[in-house]
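Remarks on the structure that follows.
Please treat every number below as a calculation from the coordinates, not as lab data. It should be emphasised that the depicted structure is a prediction, and the values quoted were computed from it without experimental measurement. All Cβ positions, even for glycine, are placed from backbone atoms using ideal geometry, and neighbour counts span all protein chains on display.
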Amino acid sequence: MTLLDFARGPAMQIAIIIFVVGIVWRLVGVWALPKKKDLSEPRQKGAWVGGLKGLFVHAWPYKPFVPKVGAQYIIGYIIHLGLFIVLIFGTPHMLFFADIVGFTWWTLPGGVITAVAVVTTLALFVALIRRLVNPVHRLISNFDDYATWFVTTAPFVTGLMTTMNMWPDYETGLAIHLLSVWLLLIYFPFGKLMHSFWFVVSRYTTGSRFARRGGMA
Amino acid sequence: MSDTSVTEIELDYESKRLSVRKPEERFDVQGDMSDDERVEKAMVNFAKDFGRVAATYMEACIHCGACAHACPFYEASGDPRHTPIWKLEPFKQAYKREAGPLAFMYKTLNLKPKVTVDELKDWQELLYDTCTLCGRCTLICPMSIDIATLVGMARHGMFHAGLVPHELYTVTEKAQKEGSPLGATPSVFEDRIEWMGDEHEVEMNVNEDQADVLVLMSSIEIQKYPESMAATAKILNHMGKSWTFRTDGYEATNFGMLSGNTGWQKDMSMKVISTAEKIGAKVVILPECGHAYQAMRWQGANMYGKPLPFEVQHISEFLASAVESGDLKLKTVNKSVAFHDPCQVSRRGGATPAPRKVLEALGVELREAESGGNLNFCCGGGGGVITIHRADTLRYKIMANKFRQLDATGAEMMVTSCSNCRQNFDESGEKLNWGKDMNSLLELVAENLVEEGKR
Amino acid sequence: MKEHDLTLGEELRRQGISRRSFLKFCAGVASSMAIPAAMVPAMAESLAQARRQPAIMMAYQECTGCLESLTRSFAPTVENLIFNFISLDFQHALQAASGDQAVDAIKTSMKENWGKYLLLVDGSIPLNDDGIYSVSHGQSHLDSLRELAEGAAAIVSIGTCASYGGIGAASPNPTGAVGVDQIITDKPILNVPGCPPMPEVMTGVYTSFLAFGALPEVDSLKRPKAFFGDTIHDRCYRRTFYDQGKFADSFDDEGARNGWCLYKLGCKGPITHNACATLKFNEGVSWPIQSGHGCIGCSEPNFWDKEGFYKPLSAGQWGSAEGIAAAAAAGVALGAASAVMSRRNQNKISGGK
């Protein structure tokens, strides 16, 4: 069995199993914790509307915060959108999903995907440098932050190296690229990458809690 | 613990706030437990709060550090340790190790070591001295994490581990024993009501058996701003309400909540609740006090264990509904006003529109400060911080920022509806030569009643 | 037997091949094998001095496709002559002899050329049940290979079967077929995979063996680097369409007619190392991708078992939906268990309060 066969077969299956088990485990593990009912008289009805609103209001900082964290948000958006574009609109990636979902969709030219991936990778490095240099970031960062950065950046770097033919051969490159993605999937449930789920839960929680009170969150 | 070298203002430890002098010798550790016992106690009381909501928040943090930029303490100090989420580190660590879905992994592999007593001691400053529970960090958080609520929870463990800052512990204990944190015992309260009644020639209702409205007062008002009592009485009399002060349930502040003792918080709330039940009150009016609103309006029912049998209103809400319904007619005040929103009433309480309605009825020109209203910058004195002397350095710095923002509005008059904010403004204003007074919304209304409306 | 004593140079002269065309041939081989141009005269000199090379070609579990490919001939060329210069002492499909007579030819050649002959192997070798699944003249191919390998100077595995087991080794591999190098480990072995392999590769390999007396430089899969160093994708004339994101979505769509990249149709070019894209087949007439079909990766190990030929390369082996559902169920169980543990732990550490 070659490295690529391993990457495309058993490694992928193991990674997906861990990915699914871990995510469900962690979500259920929190949802099954006790929750006390808030007995206070709500100021207004429809807390769930506030919860839904809460999902969106924090997508961009409130005006007084923009000068302080606007740049950080932009970097964040570049990383998230870049990840999304490359993942969904890269032809090889689309074909990967098409194999699962059974239909194909429009994709972007390889050159565009490469450019987006380069920009995203640069943004990831900016984020890393910021984490290493900014005193606040440095203090609050732990292993998870750096591990998350690594498993997120690795697929970009290996993917770029594969498209740009920087490996001894494409086959090994593709295998390493795939393995780096499986590493991401395996790490996903155990670190802060889980924020792709928690952001919904957390924003909804705060949104609905403050909707019944009024005020702002 | 705090670094005093950063201040430009000379510290005056002798000044008296909330009648707590700077202690000769600090006792920031209470009781004579062993270190292990302290950690155990902290864990026990941390663990009680690890429910779904707290868990969600602690899982969600992505360590982006944005919260630092919303925090008045970080903005004033630039100290990364004042990053709001960092203040929760031991609490988070305990959660991950003891209660999270992956707890057994963290525990078996010791990825998150047990919290130590030294860590807890180090975090006392972060959980008490540098957090007013103002909740501004939630606004900036991309994950909407309610850090203030979590800090409130973390204080439970700290209290039971006997790790509360000296002054805050002292006032809390006093409140629990005497019924008031500042020596406003029932007899002192009664005396001062009488004094104010005489001074302002207002009829005071004390200890009525039955009344529709139970009026609470905060110790700060009883001791430092007693005019509030007269103002409230004047307005309620003017409206012809059936109301009363009660010496068995008058203290609105709740230091049990601020210091982190849920048992005492419940005792303090229950005093008011049972008094209100006894006299058949339909409404309980909370005075101009921020955290009192949080304690009774939003946590009262949860302490009581069922919905409250009466309505709870902050005085600004009461006034707003009175002017809206036309029960209260006010003279026009031809002044420009800047309003300082108390965090617990506005942002975290939801009563933000109320004072604005009242100010509109007063016909003033309201000038909102930069980052005002719900986005208001905290005065830096809430959450019990004002009692702690070693927190003064930063508190003044925060206040200096606050003064700049309010001065920038060019308003002639400064108004707020929290006596704790007010005393912080007054005390700091003197220290920093602000040259302005912070006024009470309640008193401003009482001074401008249209008399012919009297029935 | 007189010809056996002639050198290649003498033989070529006898056939009327000018030195000029011989040098031209050498230059061609050198360039295809990435041998520096400066070495061409030395290579030609050495080649001219070479003597007839005895070779034994054995066909094991195979289909004769490789031989078809290698023996195609359209015109008498230098290549043909070079091939003719091999003293092919045994090749069962080409020789007239059969039975004991044929086997004797092997024995004779082995004895005469012990330690010098080149062993060319075609087809995989079954290992299961002592190799009983593939037998010639009462001898299993496994034994045959071991016997012949002992006296060989070097072994060339021709085709994917001899190199890696090929179709014989495809799942479930009932005969336990393997390639030569999994049996013989103490001889220089060269793999020339492909189904079929490219004849030019054999020319190059053979020429270089004659000229330098050794097998050319190989990669980790024992393939001559000169021919297998690049992937089909690297050298493909349709590569530009890949880079532009222009793909054929089916074999009869606009993209296919425009000759766009066949990646989406399962082309294995990116992971296939071979020289098809540059040398082409049938004397440079065409090759699979040029004819509109994606590369099936025939020169790679296990190419039969990499799911379908039409499945895009980036598609993984997804596993089963049941497996994922089971994983989700396991997650629910673990999550619930952890929450129960956590509640219990909370009760314990908070003393049930």
Item to complete: Run through the DSSP bridge list for chain B and note the antiparallel percent, rounded to the nearest 5.
Response: 10
Worksheet item: Just how far, in whole angstrom, is region B:379-427 from region C:11-62 if you go by their alpha carbon centroids?
Response: 95
Worksheet entry | For region A:76-84, 3J(HN,Hα) per residue [Karplus equation, 6.51 cos²θ - 1.76 cosθ + 1.60, θ = phi - 60°, Hz, x = Gly/Pro] | x, 5, 4, 5, 5, 5, x, 4, 5
Fill in: Reachable lysines from C:K111, criterion Cα separation under 29 angstrom, eight or more residues apart if same chain
C:K2, C:K187, C:K222
Item to complete: Over every pair of different alpha-carbon atoms in region C:204-271, take the mean of 1/r and invert it; report that Kirkwood radius in Å.
Response: 14.0
Practice prompt. Mind listing the long-range amide H neighbours of C:S136? Cut-off is under 5 Å, sequence gap 5 or more, other chains count too, H placed in the peptide plane at 1.01 Å from N.
Written response: C:H141
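Rg over Rh of region B:291-387, using C-alpha atoms and the Kirkwood radius, what does it come to? Walk me through the intermediate numbers first.
Numbers: Rg = 15.1 Å, Rh = 14.8 Å.
Rg/Rh: 1.02.
Averaged over its residues, how many other protein chain Cβ atoms are within 10 Å of peptide B:132-145's Cβ atoms?
On the way: counts 0, 0, 0, 5, 4, 0, 5, 8, 7, 6, 12, 10, 15, 7.
The mean count of partner-chain Cβ atoms within 10 Å per residue comes to 6.
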Worksheet item: If we sort B:244-252, C:31-39 on the protection proxy, mean other Cβ atoms within 10 Å, highest first, what's the order?
Response: B:244-252, C:31-39
Discussion item. Residue by residue through region C:130-146, what is 3J(HN,Hα) from phi via Karplus (6.51 cos²θ - 1.76 cosθ + 1.60, θ = phi - 60°)? Round to whole Hz and write x for glycine and proline.
Written reply: 6, x, 5, 6, 8, 9, 10, 6, x, 10, 5, 5, 4, 5, 4, 4, 4
Practice prompt. Report the residue, chosen from A:F156, A:F199, A:F190, that carries the largest GNM mean-square fluctuation when chain A is represented by alpha-carbon nodes joined by springs under 10 Å.
Written response: A:F199
Item to complete: Round to the nearest 10 and give me the degree value, 0 to 90, for the angle of helix B:227-238's Cα axis relative to the longest principal axis of chain B.
Response: 50
Response to the item:
Expected sort for B:Y95, B:Y74 with the fewest Cβ neighbours (10 Å cutoff) up front is B:Y74, B:Y95
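Among B:382-394, C:275-287, how do they line up from the highest to the lowest mean number of other beta-carbon atoms within 10 Å?
Numbers: B:382-394: 25.7, C:275-287: 16.9.
Answer by packing, highest mean first, reads B:382-394, C:275-287.
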Practice prompt. Would you grab the residues whose amide H sits under 5 Å from the one on B:E311? Only those 5+ places off in sequence or on another chain, please, with H modelled 1.01 Å from N.
Written response: B:V283, B:V284
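Given N residues in region C:232-305, what is its alpha carbon radius of gyration divided by 2.2 N^0.38 Å? It would help to have the intermediate numbers written out before the result.
Details: Rg = 11.8 Å, N = 74, 2.2 N^0.38 = 11.3 Å.
Here the answer is 1.04, to two decimals.
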Worksheet entry | In Hz, Karplus ³J(HN,Hα) per residue of region A:100-113 (6.51, -1.76, 1.60; θ = phi - 60°; x = Gly, Pro) | 8, 8, x, 9, 10, 8, 4, 10, 8, x, x, x, 5, 4
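Shielding of B:344-354 by partners, i.e. mean partner chain Cβ atoms within 10 Å per residue? Don't skip to the end; give the middle numbers.
On the way: counts 1, 1, 3, 6, 6, 4, 10, 4, 3, 1, 1.
Mean shielding by partner chains, rounded to a whole number: 4.
With N set to the residue count of the protein assembly as shown, report its C-alpha Rg divided by 2.2 N^0.38 Å to two decimal places. Before the final figure, lay out the partial values.
Details: Rg = 42.2 Å, N = 1025, 2.2 N^0.38 = 30.7 Å.
Normalised Rg, Cα atoms only: 1.38.
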Worksheet entry | Scattering profile of region B:322-450 at q = 0.10, 0.19, 0.21, 0.23 Å⁻¹ [log10 I(q)/I(0), Debye over alpha-carbon scatterers] | -0.31, -1.05, -1.25, -1.45
Response to the item:
D (µm²/s, integer) via Stokes-Einstein for chain C, Kirkwood Rh across alpha-carbon pairs, 20 °C, 1.002 mPa s: value 93
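Kirkwood Rh, Cα Rg: Rg to Rh for region B:177-321? Please report the intermediate quantities before stating the final value.
Details: Rg = 13.9 Å, Rh = 14.9 Å.
Using Cα coordinates only, the ratio equals 0.93.
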Worksheet item: If one takes the longest principal axis of the Cα atoms in chain A, at what angle in degrees, from 0 to 90 and to the nearest 10, does the Cα axis of helix A:12-31 lie?
Response: 10
Worksheet entry | Whichever aspartates and glutamates have a C-alpha closer than 13 Å to that of B:K278, once near sequence neighbours (fewer than 8 apart) are set aside | B:E208, B:D209, B:D212, B:D248
Discussion item. Debye calculation, C-alpha points only, no solvent: report log10 I(q)/I(0) for region A:101-217 at q = 0.10, 0.13, 0.16 Å⁻¹, in the same order as the q values.
Written reply: -0.46, -0.73, -0.97
Worksheet item: Counting Lys +1, Arg +1, Asp -1, Glu -1, what net charge surrounds C:N258 among other residues with beta carbon under 13 Å of its beta carbon?
Response: -1
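Report the convex hull volume per residue for region B:23-164, counting only C-alpha atoms, in Å³.
Values: hull volume 15.3 nm³, N = 142.
Hull volume over Cα atoms, normalised by residue count, gives 108 Å³.
When you look at the Cβ of every residue in A:57-66, what mean number of other chain Cβ atoms sits within 10 Å? Before the final figure, lay out each step's value.
Details: counts 2, 8, 1, 1, 7, 7, 3, 11, 8, 0.
Partner-chain Cβ atoms within 10 Å, mean over residues of A:57-66: 5.
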Practice prompt. Name the lysines eligible as straight-distance cross-link partners of C:K264: C-alpha to C-alpha under 22 Å, and not fewer than 8 places from it in the same chain.
Written response: C:K246, C:K306, C:K311
Fill in: Kirkwood Rh in Å, taken over chain A so that all alpha-carbon pairs contribute
19.9
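Going by average Cβ density within 10 Å per residue, which order do the peptides C:228-235, B:103-110 take, highest to lowest?
Values: C:228-235: 20.6, B:103-110: 13.9.
Those peptides, ordered most packed to least, come out C:228-235, B:103-110.
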Worksheet item: Which chymotrypsin sites (Phe, Trp or Tyr not before Pro) in region C:99-163 pass both tests, a DSSP loop state and at most 12 other beta-carbon atoms within 10 Å?
Response: C:W114
Discussion item. What percentages make up the Cα-Cα pair-distance distribution of chain B when the bins are 20 Å wide from 0?
Written reply: 25, 57, 16, 1
